Amino acid sequence: QVQLVESGGGLVQAGGSLRLSCLASGDTVNSYWMGWYRQAPGKQRELVAIVSVGGSTNYADSVKGRFTVNRDNSKNTVYLEMNALKPEDTSVYYCYARRAIMAIRPPEYWGQGTQVTVSS
């Protein structure tokens, strides 16, 4: 099992930047897909960015070119660099970990979330 703790959320003006961090404990993240989801009021939780165990990444179209996800396995941490933030990026951001194993339902873990608010 993995425990995930996010940090770095806050209030930022449109066009600004934030870096979210997610510290994992309980297991080494080298064997996990790691990423970020977000959920705004009235909307479904959506995938923002994810990085595989091999380092490949996927991004939501809405953030591609602005956000960067990266991982530091030595620190058991995944980051989300957010640039050129827009008011529509305002959401609670959740760290996510998915065990990279052969299973129908690989174990998934979630952080408690961190609020990101982008003012116009």
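Residues considered: Ala14, Ala97, Ala24. Largest GNM mean-square fluctuation over the chain, using C-alpha springs under 10 Å, is found at Ala14.
Highest mobility in the GNM of the chain, judged by mean-square fluctuation with C-alpha springs under 10 Å and restricted to Val78, Val48, Val63, is found for Val63. Placing unit charges on the Cβ atoms only, positive for Lys and Arg and negative for Asp and Glu, gives region 56-120 a dipole magnitude near 220 debye about its Cα centre. When the Cα positions of Ile104, Asn70, Val48 are compared along the charge dipole of the chain, Ile104 comes out farthest toward the positive end, with charges on each C-beta of Lys, Arg, Asp and Glu. Work the Kirkwood hydrodynamic radius out for region 45-89: mean of 1/r over every pair of different alpha-carbon atoms, inverted, in Å. Final number for the Kirkwood radius of region 45-89 is 11.3 Å. Here the chain is assigned +1 on the Cβ of each Lys and Arg and -1 on the Cβ of each Asp and Glu. Its dipole about the Cα centre then comes out at about 120 debye.
With 19 Å as the cut-off, how large is the P(r) tail for region 49-120, expressed as percent of Cα-Cα pairs?
41
By the equivalent-ellipsoid construction on the alpha carbon gyration tensor, region 1-72 comes out with semi-axes of 22, 15, 13 Å, ordered largest to smallest.
Which of Lys64, Lys86, Lys43 ends up with the largest GNM mean-square fluctuation for the chain, with Cα atoms connected below 10 Å? Sorting by GNM fluctuation, first place goes to Lys43.
Diffusion of the chain by Stokes-Einstein, at 4 °C in a medium of 1.567 mPa s and with Rh set to the Kirkwood radius over alpha-carbon pairs, works out to 91 µm²/s.
In this structure the chain gives 54 Å² per residue of accessible area when probed at 1.4 Å with all protein chains present. The coefficient of translational diffusion for region 15-54, derived via Stokes-Einstein from the alpha carbon Kirkwood radius under 10 °C and 1.306 mPa s, stands at 129 µm²/s. Based on C-alpha pairs under 8 angstrom that are at least 6 apart in sequence, the chain has a relative contact order of 36 percent. Computed on region 31-71, the Cα convex hull volume stands at 67 Å³ per residue.
Extension gain, Lys43 to Glu81: 0.36 nm times the residue separation minus the Cα-Cα distance gives 11.4 nm.
3J(HN,Hα) couplings calculated from phi for region 75-88 with the Karplus curve 6.51 cos²θ - 1.76 cosθ + 1.60 (θ = phi - 60°) are, in sequence order, 9, 6, 9, 10, 10, 10, 8, 10, 10, 6, 5, 10, x, 5 Hz; Gly and Pro show x.
The values are calculated or read from the model by the stated rules, or taken from the named source; none is laboratory data. These figures come from a predicted structure and were not determined experimentally. Please note: Cβ atoms are built from the backbone with ideal geometry, for glycine as well, and neighbour counts cover all protein chains shown. All accessible areas refer to the heavy atoms of the entire protein, side chains included, with ligands and DNA or RNA removed. Shrake-Rupley method; radii C 1.70, N 1.55, O 1.52, S 1.80 Å.
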